[in-house]
1. Out of the stretch 147-195, which residues are hydrophobic (A, V, I, L, M, F, W, C) and open to solvent by 40 Å² or more (accessible area, probe 1.4 Å)?
2. Out of Pro35, Pro76, Pro14, which single residue is open to solvent by less than 80 Å² (accessible area, probe 1.4 Å) and touching a residue at least 60 places away in the same chain (Cβ under 8 Å)?
3. I'd like to verify a number: residues in the stretch 1-37 that are among the hydroxyl-bearing types (Ser, Thr, Tyr) and in contact with a Gly (Cβ under 8 Å, 6 or more places away or on another chain), how many?
4. Residues of the stretch 80-111 being under 21 Å from the mean Cα position of the chain (by Cα) and not in a helix (DSSP H, G or I), which ones?
5. Please work out which one of (1) closer than 26 Å to His98 by Cβ; (2) among the aromatic types (Phe, Trp, Tyr); (3) in contact (Cβ under 8 Å) with a residue 60 or more places away in the chain is the condition Phe21 fails and give its number.
6. Search the stretch 163-202 for residues being outside any helix (DSSP H, G or I) and without any contact (Cβ under 8 Å) to a residue 24 or more places away in the chain, and hand back the single one that is farthest from Ser224 (Cα to Cα).
7. So, Ala141, is that one small (Gly, Ala, Ser), touching a strand residue (DSSP E or B) at 6+ places or on another chain (Cβ under 8 Å), crowded, with 24+ Cβ neighbours inside 10 Å and in a strand (DSSP E or B) or not?
8. So for the stretch 112-135 (the condition being assigned to a helix (DSSP H, G or I), surrounded by 17 or more Cβ atoms within 10 Å (Cβ to Cβ), out of contact with any strand residue (DSSP E or B) (no Cβ under 6 Å at 6 or more places or on another chain) and at pLDDT 95 or above), does at least one residue qualify?
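The values are calculated or read from the model by the stated rules, or taken from the named source; none is laboratory data. Computed from a prediction, not measured in an experiment: that's the story for all the values here. For neighbour counting, all protein chains shown are included, and Cβ atoms are generated from backbone atoms with ideal geometry for every residue, glycine included. The area values use the complete protein model at the heavy-atom level, side chains included, leaving out ligands, DNA and RNA. Shrake-Rupley method; radii C 1.70, N 1.55, O 1.52, S 1.80 Å.
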Amino acid sequence: MPTTMLRIPTPDGPADAFAAFPDRGRRHPGVLMYPDGFGIRPALRDMAAELAGHGYYVLVPNVFYRHGPTPVIELPEHIGEEARPRIMAQVMPLIAAHTAERVRSDADAYLGFLGGRPEVSDGPVAVTGYCIGGLLAMRTAAARPDRVATVAAFHAPVGADGPGLFSTVTAQVHLGHAEGDLTPEALDELNRSLDAAGVGFTSEIYPGTVHGFTMSDTDAFSASGLRRHWDRLLPLLERSAVPAVPPRPGPWPIGPTHTEGPSVRFGRPGGGSA
């Protein structure tokens, strides 16, 4: 599995990024993967490589490149509860400085970079994101509906900008929420906002999870939550952009897009739920 570090030109200087892609000499659909606030590190590289193994060119940018190259902050091998307050004290100012205007400017650079890569097939891309990266993914889809066909966000504050953010989103959306991230009332309000905007979406609480459940290098990690994440993400991507080669069998079973039950909401363009 080829992987490489890259430098992406932006109006504010070069952004370093990590890319993983199949070693098959063919073009593959592009995926822009926004990391959580802890940034590019082995856990994110492993996730990008796993996704690339299913037939995608996966680009993971250092979204805080204005503050320095990866690693912007020093991280322990495992981010436990004792280290978390110290790390978050460094991460939160970076998040606060990463304005919506910066996100839009960077998104143009990242999407333009993907569009110019010889390994990436023509057409719209998918955007995924984790934690704050999920909000960046939704902002990217809202800013460039012509370039983004699919959005998937996990344990992400996608409603932080208010319902107006969804008004220009034309991508198919999956939201995988941690059990403790949203109250039932907040989840219902989010889903109604997506419905009102005519967004096609699934919005699901992943049982038994806490914020950050996809990240294997944190105390929040949930193996079952990560499996469910792959179960939802891979079919969503396959429906939006058929891989250039058949996806290899992965370690996670590929399940249906959603399951019936009180924790799942499926929205259709034009409103309503199925």
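1. Let us first name the residues in the stretch 147-195 that are hydrophobic (A, V, I, L, M, F, W, C), namely 148-149, 151-154, 156, 158, 160, 165-166, 169, 171, 173, 175, 178, 182, 186-187, 190, 194.
Across the stretch 147-195, the qualifying residues are Ala160, Leu182.
2. Details: Pro76 fails: touching a residue at least 60 places away in the same chain (Cβ under 8 Å); Pro14 fails: touching a residue at least 60 places away in the same chain (Cβ under 8 Å).
After ruling out the rest, the residue left standing is Pro35.
3. Initial filter on the stretch 1-37 (among the hydroxyl-bearing types (Ser, Thr, Tyr)): 3-4, 10, 34.
Then drop every residue that is not in contact with a Gly (Cβ under 8 Å, 6 or more places away or on another chain), which leaves 34.
Going through the stretch 1-37 one residue at a time, the tally reaches 1.
4. Passing the criteria: His98, Thr99.
5. (1)
6. To start, the set of residues in the stretch 163-202 that are outside any helix (DSSP H, G or I) comprises 169-183, 197-202.
Subset that is without any contact (Cβ under 8 Å) to a residue 24 or more places away in the chain: 182-183.
Values: Leu182: 19, Thr183: 21 Å.
My answer is Thr183.
7. Working: small (Gly, Ala, Ser): yes; touching a strand residue (DSSP E or B) at 6+ places or on another chain (Cβ under 8 Å): yes; crowded, with 24+ Cβ neighbours inside 10 Å: yes; in a strand (DSSP E or B): no.
Here the answer is no, as Ala141 does not meet what is asked.
8. Taking the stretch 112-135 and keeping what is assigned to a helix (DSSP H, G or I), we get 112-116, 132-135.
After this cut, where a residue has to be surrounded by 17 or more Cβ atoms within 10 Å (Cβ to Cβ) as well, the list is 113-114, 132-135.
Of the ones still in play, those that are also out of contact with any strand residue (DSSP E or B) (no Cβ under 6 Å at 6 or more places or on another chain) are 132, 135.
Then keep just the ones that are at pLDDT 95 or above; that gives 132, 135.
Yes.
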